[in-house]
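Have a look at the structure below before the remarks.
The values are calculated or read from the model by the stated rules, or taken from the named source; none is laboratory data. Only a predicted model underlies this, so the values are computations on that prediction, with no experimental measurement involved. No Cβ is skipped: glycine too gets one built from the backbone with ideal geometry, and neighbour counts run over all protein chains shown. Protein only, heavy atoms only, side chains kept; ligands, DNA and RNA dropped before computing areas. Shrake-Rupley method; radii C 1.70, N 1.55, O 1.52, S 1.80 Å.
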Amino acid sequence: PATLGVLGGGQLGRMFVHAAQRLGYRTAVLEPDPQSPAGLVSHHHIRTAYNDPTGLAQLADLCQAITTEFENVPAEVLHALAQARHVAPAAAAVGIAQDRIEEKAHFTACAAVSGVMCAPYAVITTPDELRVVAAERADLLPGILKTARLGYDGKGQIRVRTAAALTAAWAELGGVACVLEKMLPLTAECSVLVARGWDGQVVSFVPQRNVHVAGILAVTHAYEGALPPALAEQARAAAVSIAGYIGYVGVLCVEFFVVADGSAHGGLVVNEMAPRPHNSGHYTLDACNASQFDLQVHAMAGLPLPQPRQHSPAIMLNLLGDVWLDASGERREPNWPAVLSLPGTHLHLYGKAEARAGRKMGHLNITGPDVASVKTVARRVAALLGLPGLDAI
Ligand code: ATP
Ligand code: MG
Ligand code: MG
(Lines give C-alpha, C1' and ligand atoms only; values in the text may rest on other atoms or scores of the structure.)
(Ligands and ions follow the chains in the order given, each with its own letter.)
Protein backbone atom coordinates (compact mmCIF):
# COMPACT_ATOMS: atom_id res chain seq x y z
CA PRO A 1 0.00 0.00 0.00
CA ALA A 2 1.02 3.60 -0.62
CA THR A 3 2.41 5.72 2.20
CA LEU A 4 1.35 9.31 2.89
CA GLY A 5 3.62 11.62 4.90
CA VAL A 6 3.06 14.59 7.16
CA LEU A 7 5.46 17.17 8.54
CA GLY A 8 4.63 17.77 12.18
CA GLY A 9 3.33 15.49 14.89
CA GLY A 10 0.59 17.46 16.64
CA GLN A 11 -3.11 16.69 16.92
CA LEU A 12 -3.81 17.81 13.35
CA GLY A 13 -1.25 15.28 12.16
CA ARG A 14 -2.82 12.63 14.37
CA MET A 15 -6.28 13.15 12.89
CA PHE A 16 -4.75 13.19 9.39
CA VAL A 17 -3.10 9.83 10.16
CA HIS A 18 -6.41 8.40 11.36
CA ALA A 19 -8.15 9.49 8.14
CA ALA A 20 -5.34 8.17 5.91
CA GLN A 21 -5.25 4.81 7.67
CA ARG A 22 -9.00 4.39 7.31
CA LEU A 23 -8.46 4.47 3.54
CA GLY A 24 -5.74 1.81 3.84
CA TYR A 25 -2.74 4.09 3.48
CA ARG A 26 0.38 3.66 5.52
CA THR A 27 1.61 6.85 7.16
CA ALA A 28 4.89 8.54 8.03
CA VAL A 29 5.22 11.42 10.49
CA LEU A 30 8.32 13.60 10.69
CA GLU A 31 8.44 15.05 14.21
CA PRO A 32 11.28 15.36 16.73
CA ASP A 33 9.10 14.85 19.84
CA PRO A 34 9.14 11.09 20.60
CA GLN A 35 5.72 11.31 22.33
CA SER A 36 3.90 13.41 19.74
CA PRO A 37 0.16 12.82 19.18
CA ALA A 38 0.67 11.87 15.51
CA GLY A 39 3.91 9.95 15.95
CA LEU A 40 2.21 7.68 18.49
CA VAL A 41 -0.35 6.44 15.95
CA SER A 42 1.66 6.44 12.71
CA HIS A 43 3.25 3.44 10.93
CA HIS A 44 6.52 5.37 10.63
CA HIS A 45 7.78 8.07 12.97
CA ILE A 46 10.91 9.86 11.79
CA ARG A 47 12.27 11.61 14.87
CA THR A 48 14.33 14.43 13.40
CA ALA A 49 14.05 18.20 13.17
CA TYR A 50 11.79 19.51 10.37
CA ASN A 51 14.80 20.68 8.38
CA ASP A 52 17.09 17.69 8.95
CA PRO A 53 18.30 16.45 5.53
CA THR A 54 18.50 12.80 6.64
CA GLY A 55 14.98 12.80 8.05
CA LEU A 56 13.60 14.56 4.98
CA ALA A 57 15.32 12.10 2.64
CA GLN A 58 13.81 9.25 4.63
CA LEU A 59 10.36 10.86 4.39
CA ALA A 60 10.71 11.32 0.63
CA ASP A 61 11.86 7.70 0.23
CA LEU A 62 8.85 6.35 2.12
CA CYS A 63 6.05 8.54 0.80
CA GLN A 64 4.15 9.06 -2.44
CA ALA A 65 2.75 12.37 -1.25
CA ILE A 66 3.55 14.68 1.66
CA THR A 67 1.57 17.34 3.50
CA THR A 68 2.12 19.54 6.53
CA GLU A 69 0.11 19.96 9.69
CA PHE A 70 1.54 23.25 10.88
CA GLU A 71 2.41 26.37 8.95
CA ASN A 72 5.81 27.06 10.44
CA VAL A 73 7.63 24.28 8.64
CA PRO A 74 10.32 26.09 6.61
CA ALA A 75 8.88 26.75 3.14
CA GLU A 76 12.28 25.76 1.62
CA VAL A 77 11.79 22.28 3.06
CA LEU A 78 8.49 21.85 1.20
CA HIS A 79 10.09 23.24 -1.93
CA ALA A 80 12.97 20.74 -1.72
CA LEU A 81 10.62 17.79 -1.05
CA ALA A 82 8.50 18.81 -4.02
CA GLN A 83 11.42 18.12 -6.37
CA ALA A 84 10.97 14.39 -5.62
CA ARG A 85 7.38 13.90 -4.42
CA HIS A 86 3.87 15.33 -4.58
CA VAL A 87 3.71 18.01 -1.89
CA ALA A 88 0.43 19.68 -1.01
CA PRO A 89 -0.01 22.46 -0.13
CA ALA A 90 2.87 23.93 -2.13
CA ALA A 91 5.75 25.81 -0.53
CA ALA A 92 4.57 29.10 -2.03
CA ALA A 93 1.10 28.84 -0.46
CA VAL A 94 2.49 27.86 2.93
CA GLY A 95 4.98 30.72 2.65
CA ILE A 96 2.12 33.20 2.19
CA ALA A 97 0.25 31.86 5.22
CA GLN A 98 3.44 32.02 7.33
CA ASP A 99 3.82 35.74 6.95
CA ARG A 100 1.05 38.23 7.71
CA ILE A 101 2.63 40.77 5.38
CA GLU A 102 2.47 38.39 2.41
CA GLU A 103 -0.90 37.08 3.54
CA LYS A 104 -2.45 40.54 3.58
CA ALA A 105 -0.87 41.34 0.20
CA HIS A 106 -2.48 38.14 -1.12
CA PHE A 107 -5.90 39.03 0.31
CA THR A 108 -5.59 42.51 -1.15
CA ALA A 109 -4.64 41.13 -4.56
CA CYS A 110 -7.65 38.77 -4.43
CA ALA A 111 -10.08 41.43 -3.26
CA ALA A 112 -11.33 42.18 -6.76
CA VAL A 113 -12.49 38.54 -7.15
CA SER A 114 -13.16 37.62 -3.51
CA GLY A 115 -15.07 40.81 -2.82
CA VAL A 116 -13.63 40.91 0.69
CA MET A 117 -10.92 43.15 2.16
CA CYS A 118 -8.70 42.67 5.21
CA ALA A 119 -8.74 45.15 8.09
CA PRO A 120 -6.89 48.43 7.37
CA TYR A 121 -3.23 47.92 8.29
CA ALA A 122 0.32 49.15 7.94
CA VAL A 123 3.57 47.19 7.72
CA ILE A 124 6.27 47.95 10.30
CA THR A 125 9.63 46.32 9.68
CA THR A 126 12.14 49.10 10.53
CA PRO A 127 12.45 51.95 13.07
CA ASP A 128 11.81 54.37 10.20
CA GLU A 129 8.57 52.65 9.24
CA LEU A 130 7.55 52.68 12.90
CA ARG A 131 8.14 56.44 13.09
CA VAL A 132 6.12 57.09 9.96
CA VAL A 133 3.21 54.87 11.03
CA ALA A 134 3.22 56.34 14.57
CA ALA A 135 3.17 59.87 13.15
CA GLU A 136 0.77 59.44 10.22
CA ARG A 137 -1.57 56.51 10.83
CA ALA A 138 -3.74 57.64 13.71
CA ASP A 139 -6.60 56.10 11.66
CA LEU A 140 -5.26 52.62 12.69
CA LEU A 141 -5.67 53.33 16.43
CA PRO A 142 -6.83 51.72 18.56
CA GLY A 143 -5.15 48.82 16.84
CA ILE A 144 -3.40 45.51 17.30
CA LEU A 145 0.30 45.13 16.62
CA LYS A 146 0.95 41.57 15.39
CA THR A 147 4.27 39.92 14.59
CA ALA A 148 4.36 39.00 10.90
CA ARG A 149 5.59 35.49 11.63
CA LEU A 150 5.15 32.70 14.20
CA GLY A 151 2.11 34.06 16.09
CA TYR A 152 -0.81 31.80 16.97
CA ASP A 153 -3.53 31.61 19.61
CA GLY A 154 -3.19 35.39 20.06
CA LYS A 155 0.52 35.14 20.94
CA GLY A 156 2.80 37.81 19.47
CA GLN A 157 0.06 40.45 19.57
CA ILE A 158 -0.25 43.63 21.62
CA ARG A 159 -3.26 45.94 21.64
CA VAL A 160 -2.28 49.62 21.38
CA ARG A 161 -4.33 52.80 21.81
CA THR A 162 -1.74 55.53 21.25
CA ALA A 163 1.34 56.22 19.13
CA ALA A 164 3.49 56.01 22.28
CA ALA A 165 2.02 52.61 23.15
CA LEU A 166 2.69 51.46 19.58
CA THR A 167 6.36 52.41 19.86
CA ALA A 168 6.68 50.59 23.18
CA ALA A 169 4.85 47.54 21.85
CA TRP A 170 7.11 47.23 18.81
CA ALA A 171 10.14 47.18 21.15
CA GLU A 172 8.41 44.64 23.39
CA LEU A 173 7.85 42.34 20.41
CA GLY A 174 11.59 42.53 19.75
CA GLY A 175 11.59 44.99 16.84
CA VAL A 176 10.70 42.20 14.40
CA ALA A 177 8.59 42.59 11.26
CA CYS A 178 5.01 43.39 12.30
CA VAL A 179 1.71 44.65 11.01
CA LEU A 180 -0.41 47.20 12.82
CA GLU A 181 -4.05 46.37 12.24
CA LYS A 182 -7.00 48.59 13.01
CA MET A 183 -9.16 47.17 15.79
CA LEU A 184 -12.59 46.52 14.29
CA PRO A 185 -15.90 46.26 16.20
CA LEU A 186 -16.59 42.56 15.65
CA THR A 187 -20.09 41.17 15.95
CA ALA A 188 -18.92 37.62 15.19
CA GLU A 189 -16.11 35.56 13.70
CA CYS A 190 -16.36 32.73 11.23
CA SER A 191 -14.16 30.48 9.15
CA VAL A 192 -14.46 28.43 5.99
CA LEU A 193 -12.76 25.17 5.08
CA VAL A 194 -12.05 24.67 1.41
CA ALA A 195 -10.45 21.66 -0.25
CA ARG A 196 -8.92 21.95 -3.71
CA GLY A 197 -7.47 19.12 -5.79
CA TRP A 198 -4.54 18.93 -8.25
CA ASP A 199 -7.05 19.26 -11.08
CA GLY A 200 -8.63 22.41 -9.63
CA GLN A 201 -11.74 20.67 -8.30
CA VAL A 202 -13.00 22.63 -5.28
CA VAL A 203 -15.35 21.65 -2.49
CA SER A 204 -16.12 23.47 0.73
CA PHE A 205 -17.84 23.08 4.06
CA VAL A 206 -20.60 25.37 5.28
CA PRO A 207 -18.97 28.28 7.18
CA GLN A 208 -18.92 27.95 10.95
CA ARG A 209 -19.08 30.61 13.68
CA ASN A 210 -16.18 30.74 16.13
CA VAL A 211 -15.94 32.12 19.65
CA HIS A 212 -12.47 32.90 21.01
CA VAL A 213 -11.63 33.32 24.68
CA ALA A 214 -8.30 34.93 25.58
CA GLY A 215 -7.16 34.66 21.95
CA ILE A 216 -7.79 30.88 21.72
CA LEU A 217 -10.68 29.21 19.94
CA ALA A 218 -13.16 28.04 22.59
CA VAL A 219 -16.37 27.15 20.74
CA THR A 220 -17.42 26.49 17.14
CA HIS A 221 -21.10 26.70 16.17
CA ALA A 222 -21.92 24.68 13.07
CA TYR A 223 -25.62 24.62 12.32
CA GLU A 224 -28.23 26.46 10.33
CA GLY A 225 -28.74 29.87 11.85
CA ALA A 226 -25.26 30.12 13.38
CA LEU A 227 -24.55 32.76 10.72
CA PRO A 228 -26.83 34.81 8.46
CA PRO A 229 -27.14 32.73 5.23
CA ALA A 230 -26.12 35.53 2.85
CA LEU A 231 -23.00 36.24 4.89
CA ALA A 232 -22.11 32.54 5.06
CA GLU A 233 -22.45 32.26 1.28
CA GLN A 234 -20.28 35.34 0.79
CA ALA A 235 -17.60 33.88 3.09
CA ARG A 236 -17.67 30.55 1.29
CA ALA A 237 -17.33 32.16 -2.16
CA ALA A 238 -14.51 34.40 -0.92
CA ALA A 239 -12.59 31.45 0.55
CA VAL A 240 -12.92 29.52 -2.71
CA SER A 241 -11.54 32.44 -4.69
CA ILE A 242 -8.71 32.99 -2.17
CA ALA A 243 -7.66 29.34 -2.65
CA GLY A 244 -8.12 29.36 -6.42
CA TYR A 245 -6.12 32.56 -6.91
CA ILE A 246 -2.90 30.78 -5.95
CA GLY A 247 -3.81 27.36 -7.38
CA TYR A 248 -3.91 25.98 -3.86
CA VAL A 249 -3.91 22.18 -3.42
CA GLY A 250 -5.09 20.68 -0.13
CA VAL A 251 -7.30 21.92 2.70
CA LEU A 252 -7.28 25.65 3.42
CA CYS A 253 -9.03 27.41 6.29
CA VAL A 254 -9.86 31.08 5.87
CA GLU A 255 -10.85 33.08 8.99
CA PHE A 256 -13.18 36.07 8.72
CA PHE A 257 -14.39 38.84 10.98
CA VAL A 258 -18.00 39.98 10.88
CA VAL A 259 -18.17 43.73 11.47
CA ALA A 260 -21.34 45.61 12.41
CA ASP A 261 -23.20 46.91 9.36
CA GLY A 262 -23.13 50.65 9.12
CA SER A 263 -19.68 51.00 10.72
CA ALA A 264 -16.77 52.03 8.50
CA HIS A 265 -15.76 48.48 7.53
CA GLY A 266 -19.17 46.88 8.00
CA GLY A 267 -19.73 43.36 6.69
CA LEU A 268 -17.27 40.56 6.08
CA VAL A 269 -13.52 41.16 6.57
CA VAL A 270 -10.89 38.50 5.92
CA ASN A 271 -8.51 37.89 8.86
CA GLU A 272 -6.01 35.15 8.07
CA MET A 273 -5.65 31.72 6.53
CA ALA A 274 -4.18 28.38 7.63
CA PRO A 275 -2.75 26.03 4.98
CA ARG A 276 -4.18 22.90 6.59
CA PRO A 277 -7.19 21.56 8.47
CA HIS A 278 -8.11 23.84 11.34
CA ASN A 279 -9.37 23.63 14.90
CA SER A 280 -12.62 25.28 13.80
CA GLY A 281 -13.24 22.35 11.42
CA HIS A 282 -13.04 19.59 14.00
CA TYR A 283 -16.84 19.34 14.15
CA THR A 284 -16.69 17.82 10.64
CA LEU A 285 -15.35 14.60 12.22
CA ASP A 286 -18.76 13.81 13.68
CA ALA A 287 -21.26 16.07 11.92
CA CYS A 288 -20.39 15.50 8.25
CA ASN A 289 -20.17 12.56 5.88
CA ALA A 290 -16.52 13.47 5.14
CA SER A 291 -14.26 15.30 7.57
CA GLN A 292 -11.69 18.00 6.85
CA PHE A 293 -9.01 15.34 7.35
CA ASP A 294 -10.66 12.99 4.84
CA LEU A 295 -10.54 15.80 2.32
CA GLN A 296 -6.89 16.53 3.14
CA VAL A 297 -6.09 12.88 2.35
CA HIS A 298 -8.14 12.88 -0.85
CA ALA A 299 -6.63 16.16 -2.07
CA MET A 300 -2.98 15.20 -1.53
CA ALA A 301 -3.44 11.65 -2.85
CA GLY A 302 -5.17 12.83 -6.01
CA LEU A 303 -8.50 11.15 -5.22
CA PRO A 304 -11.79 12.78 -6.22
CA LEU A 305 -13.08 15.23 -3.62
CA PRO A 306 -16.55 14.44 -2.29
CA GLN A 307 -18.68 17.54 -1.72
CA PRO A 308 -19.09 17.18 2.05
CA ARG A 309 -22.58 17.18 3.50
CA GLN A 310 -23.32 18.04 7.12
CA HIS A 311 -25.88 15.62 8.49
CA SER A 312 -26.24 16.97 12.05
CA PRO A 313 -26.12 20.33 13.73
CA ALA A 314 -23.01 20.52 15.89
CA ILE A 315 -21.15 22.49 18.53
CA MET A 316 -17.44 21.93 19.12
CA LEU A 317 -16.00 22.68 22.55
CA ASN A 318 -12.22 22.94 22.80
CA LEU A 319 -10.65 21.13 25.74
CA LEU A 320 -7.62 23.04 26.98
CA GLY A 321 -5.25 21.84 29.68
CA ASP A 322 -7.12 24.00 32.20
CA VAL A 323 -9.87 21.36 32.33
CA TRP A 324 -7.35 18.90 33.81
CA LEU A 325 -6.06 21.31 36.48
CA ASP A 326 -7.75 21.95 39.83
CA ALA A 327 -7.65 25.29 41.67
CA SER A 328 -4.19 24.56 43.09
CA GLY A 329 -2.81 23.52 39.67
CA GLU A 330 -2.82 19.79 40.50
CA ARG A 331 -3.74 17.42 37.70
CA ARG A 332 -7.09 15.62 37.95
CA GLU A 333 -9.09 13.60 35.45
CA PRO A 334 -12.22 15.39 34.22
CA ASN A 335 -15.54 13.67 34.81
CA TRP A 336 -15.78 11.94 31.42
CA PRO A 337 -18.49 9.45 32.46
CA ALA A 338 -20.83 12.36 33.27
CA VAL A 339 -20.02 14.05 29.95
CA LEU A 340 -20.35 10.87 27.90
CA SER A 341 -23.69 9.99 29.47
CA LEU A 342 -25.18 13.04 27.71
CA PRO A 343 -26.63 12.34 24.24
CA GLY A 344 -24.56 13.15 21.16
CA THR A 345 -21.22 13.81 22.89
CA HIS A 346 -18.13 12.74 20.92
CA LEU A 347 -14.88 12.99 22.89
CA HIS A 348 -11.57 13.38 21.06
CA LEU A 349 -8.37 13.31 23.11
CA TYR A 350 -4.96 13.82 21.53
CA GLY A 351 -2.88 11.59 23.80
CA LYS A 352 -0.82 14.42 25.31
CA ALA A 353 0.71 13.44 28.63
CA GLU A 354 1.23 16.85 30.16
CA ALA A 355 -1.72 19.21 30.77
CA ARG A 356 -0.76 22.89 30.75
CA ALA A 357 -3.10 25.87 30.92
CA GLY A 358 -4.03 26.89 27.37
CA ARG A 359 -2.64 23.69 25.81
CA LYS A 360 -4.99 22.00 23.33
CA MET A 361 -5.58 18.54 24.82
CA GLY A 362 -8.70 17.50 22.95
CA HIS A 363 -12.13 18.61 21.85
CA LEU A 364 -15.68 17.55 22.28
CA ASN A 365 -18.18 17.51 19.43
CA ILE A 366 -21.84 17.61 20.29
CA THR A 367 -24.30 16.52 17.62
CA GLY A 368 -28.03 15.99 17.83
CA PRO A 369 -31.29 15.84 15.91
CA ASP A 370 -31.90 19.60 16.18
CA VAL A 371 -30.12 22.81 17.17
CA ALA A 372 -32.02 23.25 20.45
CA SER A 373 -30.98 19.87 21.84
CA VAL A 374 -27.36 20.37 20.75
CA LYS A 375 -27.29 23.70 22.59
CA THR A 376 -28.84 22.16 25.70
CA VAL A 377 -26.23 19.40 25.84
CA ALA A 378 -23.42 21.89 25.14
CA ARG A 379 -24.51 24.05 28.09
CA ARG A 380 -24.59 21.02 30.37
CA VAL A 381 -21.13 19.88 29.25
CA ALA A 382 -19.76 23.39 29.72
CA ALA A 383 -21.19 23.50 33.25
CA LEU A 384 -19.76 20.06 34.09
CA LEU A 385 -16.26 20.89 32.84
CA GLY A 386 -16.19 24.63 33.58
CA LEU A 387 -15.72 25.55 29.89
CA PRO A 388 -15.94 29.21 28.78
CA GLY A 389 -17.42 30.78 25.65
CA LEU A 390 -21.00 29.53 25.66
CA ASP A 391 -22.66 32.41 27.51
CA ALA A 392 -24.28 33.96 24.47
CA ILE A 393 -26.20 30.98 23.04
P1 ATP B 1 -4.84 31.69 15.33
O2 ATP B 1 -4.55 30.86 16.53
O3 ATP B 1 -6.26 31.62 14.85
O4 ATP B 1 -3.84 31.55 14.21
P5 ATP B 1 -3.63 34.32 15.73
O6 ATP B 1 -2.76 34.31 16.92
O7 ATP B 1 -2.99 34.22 14.39
O8 ATP B 1 -4.77 33.20 15.87
P9 ATP B 1 -5.55 36.40 14.95
O10 ATP B 1 -6.47 35.47 14.29
O11 ATP B 1 -4.87 37.41 14.13
O12 ATP B 1 -4.44 35.65 15.85
O13 ATP B 1 -6.29 37.16 16.15
C14 ATP B 1 -6.78 36.45 17.26
C15 ATP B 1 -8.13 37.00 17.67
O16 ATP B 1 -8.00 38.37 18.09
C17 ATP B 1 -9.13 37.04 16.53
O18 ATP B 1 -9.76 35.79 16.35
C19 ATP B 1 -10.06 38.14 17.02
O20 ATP B 1 -10.91 37.65 18.04
C21 ATP B 1 -9.11 39.14 17.65
N22 ATP B 1 -8.65 40.12 16.64
C23 ATP B 1 -7.57 40.00 15.84
N24 ATP B 1 -7.45 41.04 15.00
C25 ATP B 1 -8.49 41.87 15.27
C26 ATP B 1 -8.93 43.12 14.72
N27 ATP B 1 -8.26 43.75 13.74
N28 ATP B 1 -10.04 43.68 15.25
C29 ATP B 1 -10.72 43.07 16.25
N30 ATP B 1 -10.36 41.89 16.79
C31 ATP B 1 -9.26 41.27 16.32
MG1 MG C 1 -3.03 32.80 12.98
MG1 MG D 1 -6.75 33.48 13.96
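Worth a mention:
- Convex hull volume of the chain per residue (C-alpha atoms, cubic angstrom): 147 Å³
- Carbon and sulfur %, accessible surface of the chain computed with the full protein complex present, 1.4 Å: 55 percent
- Over segment 3-87, relative contact order from alpha-carbon pairs under 8 Å, at least 6 apart, %: 33 percent
- Averaged over residues, the count of other Cβ atoms within 10 Å places the peptides 33-40, 274-281, 225-232 in the sequence 274-281, 33-40, 225-232, highest first.
- Exposure of Y245 as accessible area (Å², to 10), given a probe of 1.4 Å and all protein chains: 120 Å²
- Computed on the Cα atoms alone, the convex hull of segment 278-393 gives a volume of 114 cubic angstrom per residue.
- The value of relative contact order for segment 123-258, using C-alpha pairs under 8 Å at least six residues apart, is 24 percent.
- Computed magnitude of the charge dipole of segment 259-377 (debye, nearest 20; Cβ of K, R +1, Cβ of D, E -1): 180 debye
- Those lysines that a straight Cα-Cα span of less than 19 Å connects to K146, excepting residues fewer than 8 apart in one chain: K104, K155, K182
- Each residue, T108 and Q201, gets one label point 7 Å from its Cα in the Cβ direction; the gap between the two is 3.7 nm.
- At a probe radius of 1.4 angstrom, the accessible area of segment 1-85 per residue rounds to 42 square angstrom.
- Charge dipole magnitude, Cβ of K and R +1, D and E -1 - the chain, Cα centre, debye nearest 20: 460 debye
- Between the residues L317, N271, N289, the greatest Cα displacement towards the positive end of the dipole of segment 249-334, with unit charges on the Cβ of Lys, Arg, Asp and Glu, is found for N289.
- Computed accessible area, R47, all protein chains, 1.4 angstrom probe, square angstrom: 140 Å²
- Average Cα contact separation per residue, the chain, under 8 Å, 6 or more apart, as relative contact order %: 14 percent
- Over the chain: helical MRE at 222 nm, DSSP H runs n ≥ 4 each giving -39500 (n - 2.57), nearest 500: -9000 deg cm²/dmol
- Span from the segment 123-157 Cα centroid across to the segment 13-81 one, whole angstrom: 34 Å
- Projecting the Cα atoms of Y152, L180, A164 onto the dipole axis of segment 125-180, where Lys and Arg carry +1 and Asp and Glu carry -1 at the beta carbon, places Y152 farthest toward the positive end.
- For peptides 314-320, 203-209, sequence by mean Cβ density within 10 Å, most packed first: 314-320, 203-209
- What you get for segment 120-182, charging only the Cβ of Lys and Arg (+1) and of Asp and Glu (-1), is a dipole of about 160 debye around the Cα centre.
- Segment A82..D261, full-extension length gain: 60.0 nm, with 0.36 nm per residue of separation and the alpha-carbon distance subtracted.
- Translational diffusion of segment 186-385, µm² s⁻¹ [Kirkwood Rh, Cα pairs; Stokes-Einstein; 4 °C; 1.567 mPa s]: 73 µm²/s
- Protection proxy ranking, peptides 67-77, 113-123, 260-270, average beta carbon neighbours within 10 Å, highest first: 67-77, 113-123, 260-270
- Here segment 91-174 is treated as an ellipsoid with the same Cα gyration tensor; its semi-axes, largest first and in whole Å, are 23, 16, 11.
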